[in-house]
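The values are calculated or read from the model by the stated rules, or taken from the named source; none is laboratory data. All values derive from a computational prediction rather than experimental measurement. Neighbour counts run over all protein chains shown; Cβ positions are idealised from the backbone, glycine included. To get the accessible areas, we keep the full protein, side chains included, count just its heavy atoms, and leave off ligands, DNA and RNA. Shrake-Rupley method; radii C 1.70, N 1.55, O 1.52, S 1.80 Å.
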Amino acid sequence: MRLLFLVFLFPFLFILEDTVEARIYCPLPEHGIWVNDSAAAKELSRLEIETKCVDDRLHARIRAFTKCYPRDCKWGWTKAKQRDGGGLTVMLIGFLGSKRVDVRGFDDRLDAYMTDISHDPAHPDKVKSYTLKRK
């Protein structure tokens, strides 16, 4: 009788385990407005990150700003994806090149890696890292 009960219960344990692993808690640590007060021209000066969960699915978007004069240049809101191991990634597509931004939040700090991807194969990709603080 016990064996029959265990055989019946066994498949449900895997379903329960998958449900627990799939659960996402919002907002993510990356949610918020992040600033880089020491940004030089053309460097990442600000990130705005919005995250929300609907039916255990993550919806995230990022808006990036780079240092320009007289005011910062901004990229529009772009859908972000969750990275394996945590954090978010977004691809900002421009006319002459694109930027991939990978972010990961820790308390009141955000690590951001911006990869400049040229559409010209003769120009190599450039990666720069930034540490932003919560506004």
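Taking the condition hydroxyl-bearing (S, T, Y) and out of contact with any Ser or Thr (no Cβ under 6 Å at 6 or more places or on another chain), does Y113 pass? So Y113 does not fit the description; no. Could you please find all residues in the stretch 52-110 being closer than 29 Å to P121 by Cα and acidic (D, E)? D72, D84, D102 - these are the residues of the stretch 52-110 that are closer than 29 Å to P121 by Cα and acidic (D, E).
From the list H123, H59, the lone residue that is open to solvent by 70 Å² or more (accessible area, probe 1.4 Å) and either in a strand (DSSP E or B) or in contact with a helix residue (DSSP H, G or I) (Cβ under 9 Å, 6 or more places away or on another chain) (or both) is H59. Total residues in the stretch 39-56 satisfying the condition of being more than 17 Å from T131 (Cβ to Cβ) and open to solvent by 50 Å² or more (accessible area, probe 1.4 Å): the figure is 7.
Among what's in the stretch 111-120 and is touching a Lys or Arg at 6+ places or on another chain (Cβ under 7 Å) and either not β-branched (V, I, T) or not in a strand (DSSP E or B) (or both), pick the residue that is modelled with the lowest pLDDT. If we take residues in the stretch 111-120 being touching a Lys or Arg at 6+ places or on another chain (Cβ under 7 Å) and either not β-branched (V, I, T) or not in a strand (DSSP E or B) (or both), then D116 is modelled with the lowest pLDDT. A Cβ distance below 6 Å, combined with a sequence gap of six or more or placement on separate chains, defines the contacts here; from the stretch 59-80, residues that are touching a residue at least 24 places away in the same chain (Cβ under 8 Å) reach residues that are of a type in the set (A, V, I, L, M) and loosely packed, with under 13 Cβ neighbours inside 10 Å in the pairs K67/A41.
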